[in-house]
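Notes for the one structure printed next.
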Amino acid sequence: MIYLFDIDGTLTPSRLRIDPEFEQFFLQWMKDREVIFVTGSDKEKTVEQVGEKIWTRASRVYQSCGNAVYQGGQLIQKNHFDLSPELKTLLNEFIMYSECPEQFDNHIEERIGLVNFSPIGRSCPQEAREQYYKWDTKAKERQTFCRMIEDKFPELEATVGGQISIDIYPKGQNKAQVLEDLYGPITFFGDKCQPGGNDYPIVESMCRQLEQNRRHCVLHEVKSYHDTWNILKEYK
Ligand SMILES: [Mg+2]
């Protein structure tokens, strides 16, 4: 059985470091199990969040929604995606017209195989990050931006990830692409499993494979790492 985990919001609080007690538990839990990660973040952020030990103990890590693949600490595969001037213009318009209460720097980040865009800016302090998330849950600004990007650039896909940003990449190069790479039964844990969330493509694809009897799949939609922790305790 492959145990596939999202990271942000599933193994850690959003953008924060893993809980030290859960880290110890999880390191133990990983022993003799095939554990694989799939996240929208890049390697540096993930290592910062889960720590070097957990990151290297995983059988494989799919960073940037599967657009950068690491095994044994080495980058073994990557996809290319360049931010076009047209997309950059649209994102700059979003920054200008965003109705979010406060804005900070670092809105556009080019990662391997994807562009991460944050209307509030990734340099925001933790408190502003949480306020934005609360505000956006009602305002649904990020969902609107995702729809606008996909309307204007049908060759692209945009999904809401984490608390303050969206991920943009060529159509189909979402988290679901990792399933093509993995064989056998999969148990997946994710927190953004609803339509528009960055775990949704993987969930949708797994449900299809399950219906067609192509793969045995187990899905766990969690609200936080506490949920994940409770479920994992049952596997002991
Ligand atoms: Mg997540």
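The values are calculated or read from the model by the stated rules, or taken from the named source; none is laboratory data. What you see is a predicted model, and the numbers here were worked out from it, not measured in a lab. Here the Cβ is made from the backbone with ideal geometry for all residues, glycine too, and neighbour counts use every protein chain on show.
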Helices (runs of 4 or more DSSP H) wholly inside segment 125-236 containing at least 2 residues that are out of contact with any helix residue (DSSP H, G or I) (no Cβ under 9 Å at 6 or more places or on another chain) and within 15 Å of the ligand (Cβ to nearest atom): 126-139, 200-211
Matching residues in segment 172-193 - criterion: being of a type in the set (S, T, Y) and either without any contact (Cβ under 8 Å) to a residue 60 or more places away in the chain or over 23 Å from I231 (Cα atoms) (or both): Y183
Residue under evaluation R60, criteria (1) within 14 Å of the chain's Cα centre (by Cα); (2) farther than 26 Å from A139 by Cβ, criterion not met: (1)
Residues located in segment 194-232, provided they are loosely packed, with under 15 Cβ neighbours inside 10 Å, among the charged types (D, E, K, R) and either over 19 Å from D19 (Cα atoms) or in contact (Cβ under 8 Å) with a residue 40 or more places away in the chain (or both): E204, R208, E211, R214
Residue among F26, F22 that alone is at pLDDT 95 or above and either within 15 Å of the ligand (Cβ to nearest atom) or over 26 Å from Y183 (Cα atoms) (or both): F22
Top-ranked residue in segment 29-43 [being modelled with pLDDT under 95 and acidic (D, E); ranked as surrounded by the most Cβ atoms within 10 Å (Cβ to Cβ)]: D42
Residue match in segment 164-180 (condition: surrounded by fewer than 18 Cβ atoms within 10 Å (Cβ to Cβ), farther than 15 Å from S64 by Cα and either within 12 Å of the chain's Cα centre (by Cα) or not assigned by TED's automatic domain parsing to the domain that holds S123 (or both)): yes
For S59: the one exception among (1) at pLDDT 95 or above; (2) within 16 Å of the ligand (Cβ to nearest atom): (2)
Residue satisfying all of: in segment 122-153; of a type in the set (D, E) and within 19 Å of L91 (Cα to Cα); surrounded by the fewest Cβ atoms within 10 Å (Cβ to Cβ) among these: D151
Some residue of segment 102-113 being away from the ligand (no atom under 16 Å from the Cβ), at pLDDT 95 or above, more than 16 Å from the chain's Cα centre (by Cα) and among the hydrophobic types (A, V, I, L, M, F, W, C): yes
Residue list for segment 87-121, filter: buried (at least 21 other Cβ atoms within 10 Å of the Cβ) and among the basic types (K, R): R111
